[in-house]
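Working notes, beginning with the structure itself.
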Amino acid sequence: MSNSLAVKDLCKTYVMDKRQNNVLKNVSFTVNEGEMVSVMGPSGSGKSTLLYTVSSMDSMTAGSVDFFGKDLSHLKPKELAKVRLVEMGFIFQQMYMLKNLSIYDNIILPAYQAEKGRAGRSRKEINEQAEELMRKLDIIQVADNDINEVSGGQLQRACICRSLINHPKIIFADEPTGSLNKQASYEVMKELNRINREGTSILLVTHDVRVAAKSDRVIYLIDGRIEDEYKLGKFQAEQDLRDRERTLNGWLMEMGW
Amino acid sequence: MFIQILKKDLKRKKGMNLILFLLLILSSIFLAGGINNLLLTMNAIDYFFEKANVSDFYAMTMGSEENENRIEEWLKEEGLVEAVDKDSYLLIEKEDNSFGNPMYLCKIRQKQNLIFDTKNQPVFLEPGEIAISVSQAEQNDIKPGDEIRFRVGDKEISLQVKALVKDVLFGSPFVGFNAQYVSDRDFAMVENALLEEESIITGYGISTLDVLEFEQKFSNEGFPVNTTMTQKELRKCYIMDMLFAAFLMIISICLLAVSFVILKFTITFTLQEEFKEIGVMKAIGISSFAIRGIYLCKYFAVSVAGALLGAVFSIPFSNFMMKSIEKNMYMPRAQGNLLLCLSCGCIIVLLVMGFCYICTGKIRRLTVMEAVKSGSNGERYGKSSPLSLYKSGKLPTLFFLAANDILSSKRKYIPLFISFILGVIMIILPLNAVNTLKGDSIITMFGIARSDVYIVNNKEEAYMKDGDMSKMLADLQHMEETYAKEGIYVKLYNEINYFPYVSSDTNKDKRSILSLQAKNFHTENYRYLEGEPPKLSKELAMTTMLAEELNVTIGDTVYLQFAKEKIPYIFTATFESFNNLGYSIRLSETAETDLKYAAGFYGIQGYFREGTDVEAAISKMKEITPDYEIKNTREKIAAQLGTVIERVGEIKLLTVSVVIMINSLVTILLCRTFLERDKGEIALLKSIGFSNGFLRAWQSMRIGMIQLVSVFFGILCSYLLNDLMIQYTFGIMGARQVELSIVPMEVYVGYPLLLLAGVLASAYFATSGVKKFSVRKINDME
């Protein structure tokens, strides 16, 4: 299995009021194609910074990020934007969407933009794919609604639809269930697992053991360094979840969780 | 505490406060400058007239010693006369001088109608020196030190221009006569060398006890004068200067309106942004009045600083704007008006504070609960997405997002919309005025017909001396034949000016009025407002203003007196004209006139045979008759209006620069505000792969779209205001129904594109901050 993402000696330093804050210190790891990796760790350990940096949303201070053979540290802002638009998908803890657009329009917007000036999908095809995605994620009934007219779970599923509309090679998710209730979290994770099974790599940051237990591998971050990682293997069925959670919890206890 | 909050606010919203501050400075500069200029101009005319000791009445007569004796005898006897100052003007024909126009040499007047140099000092000339007015110098491109040569009899004389002078009597281009000043010795030398007494024009500056009564008595005597002018009429010639000052005032009012719109936007935005802080302050028991005080304190500081600085800057600005007026007029120094400028500053502060007090009224209505609920009071509003991307066909996402944003929050864009509309109006109105003044059709407003070619054959003075109409007509025929031999077929006619006394049965007061008669040309070819063109010899048309003054309507009888006899004419039609400030008459082609009484000529005009290339024909005519002054319509208008076009052009340039500057400032302010408000959405779009270029274009596109819509509405408003303002402007000059010359490409395409380009460039510049936006700002999304 080849790497979709190879992070090597990644450093990120913020300078605030002439004081340096080394948030990430020589972090190295990989995410294989079709793999789902969770990043865990205490608050302030640099999880979100790691996600934003490897996804090129934030600049890196040192190191390299190889994304399907492309060294992201050498790409120009415009090229990085294109990579993010076409090859990556993003899901945030808060369900961020453009407030002046309907759910449907928010989902298709990146696809319309990605296809601009390219002889790729037609707008009609994009619309059909969006509708199919919405149907799969059971939000087709709220497609024309404004974003303030749907529930949090529906909105997060809409965000997932938006992240999938351009068939990304990898999805970055920053605590995707952080603002959701138990049922909504279950639904969202079910979808992420389904997408992952279909071949899309996922790198997610979470505090939730139940969410992390559904991933193939868990990376534990402390003070900007990878402390250790734990391989859980592919999540196959719901009945295995309790065992996976128990094992993961044990490991996390060892890590000082 | 107030100071602390103020300091923090000024630091945090640096850009917004700075632009508001700049707008207030500009408003203050223009308001103070406009009022200052208006008062200065009004005072300047009084001051100039007082300093120059302008006579109450001025009359000019040409040629005959007998006439002069008659007038002088009568003046001596007339009890209303206080003082008389006699001037003589020695005519040097155009072909005899290097000046470029006929010259009227005159001694420096010592008692009345005094002249001053450019430093407002009395003028003294040594033999060999000459002084000319500033407007003549500009028109003929003459500078101090240049030489003017002329021939009198067999003498060649060369004089050096010593000074440019402010000439109250002949300095305004609307007077239509000019004089050149020489030393007493040179004057005597030229006078002695002049062969004909018809080359001497005599002017009488008269001080009277009662101008109106004197004017009436003078008119009743029926002296054969070329022209008469009261002090009141002379003042009207300086009206254009007042108009420009008034125009500045209008610009400043527009600017102030823009400032208020922006102020309202800024306050609303600030309150929306700080509703949490306001809620918290209310929750801990601070009264609404005290919270309002914080904001009022801030705007007070900004407005006081802005208005004060503006008031100070308005003095050099006002001086700069007055420079062109000062060239022609003896003006009081502007420094004394600091108090006036400061008063204007105070007015602005009061207006701003009053406005802020009203705008901050929302603080009273803002509840603690709203702050807790993040600004939402639970009400549901209409759908926030008015457009659908998936229904937008092939519309690029950039246009869609920009249009959708505007339609989603229309109120947010109202300040920008209003500012841009005002900007468009401020550009289009002066532009239409300039184009109308420069346009071909304006020529008809001088009471003459528009023709292909305008010729001065330099024989006008000779025709007037001889009084031989048949000679003039024969010359016209000869000219036509000369041109025809070279293949140019042109029909020529001559336009003659008279100044007969005019009266009516209802208004028996006689007044000397400009009367035009075309020879070799039918009166049907002129533009009339009402009635039938005068065809018979005893018919005439007159301007509406004159008809009103004479209290006559079409069909009534009016009386003209060229010599001693009063001749009745039937008034058949009305027309409009700038000539003589709106008071003139058109005589029929067949009217029995005598060239002896002519006051001058408008020049020969002509029409080419159909299909002739006008410009080519004119240049060929110049080759055939190089001594003649031959002009096309455009050149004729430029010569007719002289510096007026330049002044309006200056105003146009000023307004275009100001509007572009204001639009840019407003755009930058609003773009920065929108960036601040949209930072979450920008971060979101950035995170999902939208490039910085797209995001800047998106932000700029919204402003561009508003500008486009504003141009449309601005043009519409200008169309409505054209009638009110421009017609009124031209009305002051004597024409109330001006046919506007609108250059569509310039007005509807050129300048709107210029504005659009300026606004887009400013918006693009203002959105450069997008590049520095961190995706972490996504957390600032509501």
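The values are calculated or read from the model by the stated rules, or taken from the named source; none is laboratory data. Everything quoted here is computed from the prediction, not taken from an experiment. Don't worry about glycine lacking a Cβ; one is built from the backbone with ideal geometry, like all the others, and counts go over all protein chains shown. Areas reflect the complete protein model, heavy atoms only, side chains present, ligands, DNA and RNA absent. Shrake-Rupley method; radii C 1.70, N 1.55, O 1.52, S 1.80 Å.
In segment A:98-145, the residues that give up 50 Å² or more of accessible area when the other protein chains are added, compared with the chain on its own (1.4 Å probe), are A:98, A:99, A:100, A:105, A:109, A:113, A:123. Straight-line reach from residue B:620: taking Cα to Cα under 20 Å and skipping same-chain neighbours fewer than 8 places apart, the aspartates and glutamates in range are B:452, B:475, B:480, B:481, B:486, B:610, B:629, B:635. Kindly tabulate the residues in segment B:661-691 with an accessible-area decrease of at least 50 Å² between the chain alone and the assembly of all protein chains, using a probe of 1.4 Å. Those are B:681, B:684, B:687, B:688, B:689, B:690, which lose 50 Å² or more relative to the chain on its own.
Along the axis of the charge dipole computed for the protein assembly as shown (Cβ charges of +1 for Lys and Arg, -1 for Asp and Glu, origin at the Cα centre), the listed residues B:621, B:263, B:402 are led at the positive end by B:402. Binning the C-alpha pair distances of segment B:473-566 at 10 Å intervals from 0 yields a P(r) profile of 14, 38, 27, 14, 7, 0 %, listed from the shortest bin outward.
Using a 1.4 Å probe on protein heavy atoms only, how many Å² of accessible area do A and B hide from each other, summed over both chains and rounded to 100?
Numbers: alone 12630 and 34980 Å², together 44570 Å².
Rounded to the nearest hundred, the buried surface is 3000 Å².
Summing Lys, Arg as +1 and Asp, Glu as -1, what charge do residues with Cβ under 15 Å from the Cβ of residue B:303 carry, residue B:303 excluded? Don't jump to the answer; show the numbers that get you there.
Details: positive: B:264, B:298; negative: B:9.
After counting each charged neighbour, the total is +1.
Taking a sphere under 9 Å around the Cβ of residue B:405 and counting the other residues whose Cβ falls inside, with K and R at +1 and D and E at -1, yields a net charge of +1. Here is the tail figure for segment B:527-578: Cα pairs spaced more than 16 Å apart come to 37 percent of all pairs.
Looking at chain B, the pairs of alpha carbons with a distance over 46 Å make up 38% of the total.
Counting only protein heavy atoms and a 1.4 Å probe, tell me what percentage of the protein assembly as shown's accessible area is made up of carbon and sulfur. Don't skip to the end; give the middle numbers.
Numbers: 24500 of 44570 Å².
Percent of accessible area from carbon and sulfur atoms in the protein assembly as shown: 55.
Per residue, the protein assembly as shown exposes 43 Å² of accessible surface when a 1.4 Å probe is rolled over the protein heavy atoms with every protein chain present. The coefficient of translational diffusion for segment B:565-682, derived via Stokes-Einstein from the alpha carbon Kirkwood radius under 20 °C and 1.002 mPa s, stands at 102 µm²/s.
Once the convex hull of all Cα atoms in segment A:37-125 is built, its volume per residue stands at 153 Å³.
Cross-link list A:12/B:772; B:276/B:298; A:99/A:182; B:217/B:508; B:508/B:566: which exceed 21 angstrom alpha carbon to alpha carbon? Pairs exceeding 21 Å: A:99/A:182. If R0 is taken as 25 Å, the Cβ-Cβ distance between residue B:538 and residue B:220 corresponds to a FRET efficiency of 0.65.
At 10 °C and 1.306 mPa s, what whole-number value in µm²/s does Stokes-Einstein give for the translational diffusion of the protein assembly as shown, with Rh from the Kirkwood sum over Cα pairs? Intermediate results must be reported in sequence, preceding the final value.
Details: Rh = 35.5 Å.
Reported coefficient: 45 µm²/s.
Adding -39500 (n - 2.57) for every DSSP H run of four residues or longer, then dividing by how many residues chain B holds, sets the calculated 222 nm ellipticity at -17500 deg cm²/dmol. Principal axis analysis of the Cα atoms in segment B:254-311 yields extents of 41, 19, 13 Å, listed in decreasing size.
Sequence gap at least 6, Cα distance under 8 Å: using those rules, report the relative contact order of chain B to the nearest whole percent. Can you show the working numbers first?
Numbers: 1337 pairs, mean separation 122.4, N = 782.
Computed value for chain B: 16 percent relative contact order.
Here are some pairs, B:155/B:438; B:162/B:596; B:510/B:535; which of them have Cα atoms lying more than 31 Å apart in this structure? Violating the 31 Å Cα-Cα cut-off are B:155/B:438; B:162/B:596. The value given for segment A:218-257 is a Kirkwood hydrodynamic radius of 11.0 Å, derived from the mean inverse Cα-Cα separation. Neighbours of residue A:256, meaning other residues whose beta-carbon lies under 14 angstrom from its beta-carbon, give a summed charge of -3 when Lys and Arg score +1 and Asp and Glu score -1.
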